[in-house]
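What follows draws every value from the coordinates through simple rules; no lab data is involved. These numbers were taken from a predicted model, which means no experiment stands behind them. Here the Cβ is made from the backbone with ideal geometry for all residues, glycine too, and neighbour counts use every protein chain on show.
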């Protein structure tokens, strides 16, 4: 259709355009006012990849793909049934009479109230994130305070859930490591006692060849050595687990030093007594020196094997102790690596419906509908309003074109003609 024809049709049928435009705007306004208002509250969380409450060595910075997967995992966790169930328990939503009435109305008594609440909360929840470490939690509700309260409850429930998922496995591992440490400690004590016994036997067999304070011992001295070894093992364990400044470590250190002094005194006394006995029996024991030397070599070989077993047991115990220490520290964590950037505030204006935007869109839509209606009317009901309407139709010949009738022009023409005649006379 020629633009001039369309313009003339629009000028002739402008009432249709105005009617459709007014009807569209009026309908949109009424519907926007009748639609229930929806308030949206948003809380922001900062997810930090660092972990200040862990004694594990920090690794390299995760790649972009791994970080994207990590953030998506956090979003899935926020929208999970576990977090939603914690929100229901924290806010005690299941005991609300209004909630129970709405559940009975929508579900007709089928299903459980908690499942229905979880589905309803997740439907109204929106979680977004970008390339940064910030996660935004938005909740939509017909009540402004309710939207803010539930958005903050989801943020808190998510933080508590991440801490629970982190601490519970560490606690279970700590219990397992404690059991393993008991077995490793017993194994270490057994190997240490075996080394001590083998060393004592070798020392008794070599009295005729060599006498020294360390080789001469009594049952009392042997008990002191055992207690001293246990005290030193306990001292090393306390230094690893508690530190050298801890009062328990200082008390154990004092006991160990005292025990070491007592053992030194007893060894010196026993060595003096053994030396006097060896001088008296030196002549009688000369014939048995070869057997004593052979037995001494055997004892030394056995002691070497036992010492290696003790070293292996000691290393295993130290490694287990270090890992147990890491697990115990992580099991006592009191906060996660997620913090609240800002809490959700009670919105003052509803997010939906947007009345001004809807009216503006109604003007655009109403204008398009009005133009379309005028076009269809002209298409099925053609009118001739000007010569241009007949230019595209060769079957209708144009004989003449009448100018619009203007009475004022006719009066002016008669006056001019009268003046001209007067002038001629």
*Working out 0.36 nm times the residue gap between residue 307 and residue 319, then minus their Cα-Cα distance, what length gain in nm do you get to one decimal?*
2.5 nm
*Length gained when the stretch residue 113-residue 253 is fully extended (0.36 nm per residue, less Cα-Cα span)*: 44.2 nm
*Any idea how far apart residue 371 and residue 245 come out in nm if each label point goes 7 Å out from Cα toward Cβ?*
8.0
_Nearest-0.05 FRET efficiency for residue 18 and residue 339, computed from C-beta distance (R0 56 Å)_ = 0.45
*In what order do 256, 68 fall by count of nearby beta-carbon atoms within 10 Å, going from fewest to most?*
68, 256
*residue 348 versus residue 89, label points 7 Å from Cα toward the beta carbon: distance in nm?*
3.8
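If you rank 16, 338, 175 by fewest surrounding Cβ atoms within 10 Å, what's the result?
Going from least to most buried by this count: 175, 16, 338.
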*Taking other Cβ within 10 Å of each residue's Cβ, how do 265, 162 sort, fewest first?*
265, 162
